[in-house]
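Q: My structure is below; once you've seen it, I'll send some questions.
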Amino acid sequence: GAVVSQHPSWVICKSGTSVKIECRSLDFQATTMFWYRQFPKQSLMLMATSNEGSKATYEQGVEKDKFLINHASLTLSTLTVTSAHPEDSSFYICSAQTVRGSPQYFGPGTRLLVL
Amino acid sequence: KQEVTQIPAALSVPEGENLVLNCSFTDSAIYNLQWFRQDPGKGLTSLLLIQSSQREQTSGRLNASLDKSSGRSTLYIAASQPGDSATYLCAVRDYGGSQGNLIFGKGTKLSVKP
């Protein structure tokens, strides 16, 4: 089946530093990748949608200059949390799909803790 | 704006019981509905996907139904086992935006006691 990986699985960083999270589709080409954030006991909230080779589309309330998304290839998207603050601590999950309407396959998530 | 609600928020049952998890959504114009399982600190595992034209889907001990007109879906788990303990998320894909985003409920945390 379709496999999506994320790296790292968890990261602890100091406030003010930047953190990059990678999302890879291992056995299929992902035209579209999605980035979600999940706070404790809350639902997954879509942050942004990225199509390979074009700029990401951000959801309302998500700062595009703070959460930089790059989708340079059909198998890799990266999310960079710039100048991270403690309130950015969360569980970040990516998903990937081949074409619109096809199932989304989710990565295992990255837990970010900003001290 | 599409909203997805799951009831109950938490459920504890003894092993062997059959159980039903509920999901409701406010806008019936959906593309499909999906049930996921999430183990603590982990990503999502897709359980069942129901297209808007379908009424139900089955996989093993799991059966999901969809009543689009009333904005409801149920996930039925037969003969529950301790390994079924997890959070179950319901998500709908609507036609909003250019990508047809998945909109999630907050989940039902299931605990199956041996």
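FYI, it's all coordinate maths here, none of it is from the lab. Quantities reported herein were computed from a predicted structural model and do not represent experimental measurements. Backbone-built Cβ (ideal geometry, glycine too); neighbour counts: all protein chains shown.
Q: Taking the Cα centroid of region A:36-60 and of region B:34-105, what is the distance between the two, rounded to the nearest whole Å?
A: Using only Cα atoms to place each centre, the spacing works out to 20 Å.
Q: Report the FRET efficiency, 1/(1 + (r/R0)^6), for A:Ser83 and B:Lys42, where r is their Cβ-Cβ distance and R0 is 22 Å, rounded to 0.05.
A: 0.20
Q: Evaluate the charge dipole of the protein assembly as shown about its Cα centre and quote only its size in Debye, nearest 20, assuming +1 on the Cβ of each Lys and Arg and -1 on the Cβ of each Asp and Glu.
A: My answer is approximately 140 debye.
Q: Restricting to Cα pairs below 8 Å that are 6+ residues apart, what does the relative contact order work out to for chain A? Please round to a whole percent.
A: Relative contact order, chain A: 37 percent.
Q: Moving on to the next point. Say the cut-off is 20 Å between C-alpha atoms; which of A:Lys41/B:Lys109; A:Lys41/B:Lys42; B:Lys42/B:Lys109; A:Lys64/B:Lys106; B:Lys1/B:Lys68 go over it?
A: Checking Cα-Cα distances, A:Lys64/B:Lys106 exceed 20 Å.
Q: Moving to a separate point now. What nm distance separates the two modelled labels at B:Tyr76 and B:Glu56, each placed 7 Å from Cα along Cα→Cβ?
A: Once both label points are built, they end up 0.4 nm from each other.
Q: Please list the equivalent ellipsoid semi-axes of chain B, computed as the square roots of five times the alpha-carbon gyration tensor eigenvalues, in descending order and whole angstrom.
A: Largest first, chain B gives 24, 14, 12 Å.
Q: Right, here's the next one. Suppose R0 equals 22 Å. What FRET efficiency, 1/(1 + (r/R0)^6) with r the Cβ-Cβ distance, do A:Cys13 and A:Glu63 give to the nearest 0.05?
A: About 0.75, to the nearest 0.05.
Q: Sticking with this one: Under 20 Å from a point placed 7 Å out from the Cα of B:Tyr31 along the Cα-to-Cβ direction: which residues of region A:21-46 have their backbone N that close?
A: From region A:21-46, the list is A:25, A:28-37, A:44-46.
Q: What are the extents of the Cα atoms of the protein assembly as shown along their three principal axes, in Å, largest first?
A: Result for the protein assembly as shown: principal-axis Cα extents of 49, 37, 33 Å.
Q: So how long is each side of chain A along the principal axes, counting just the alpha-carbon atoms, biggest first, in Å?
A: So the three principal-axis extents are 37, 26, 23 Å.
Q: To continue, here is another question. State the antiparallel share, in %, of DSSP beta bridges confined to chain A, rounding to the nearest 5.
A: 90 percent
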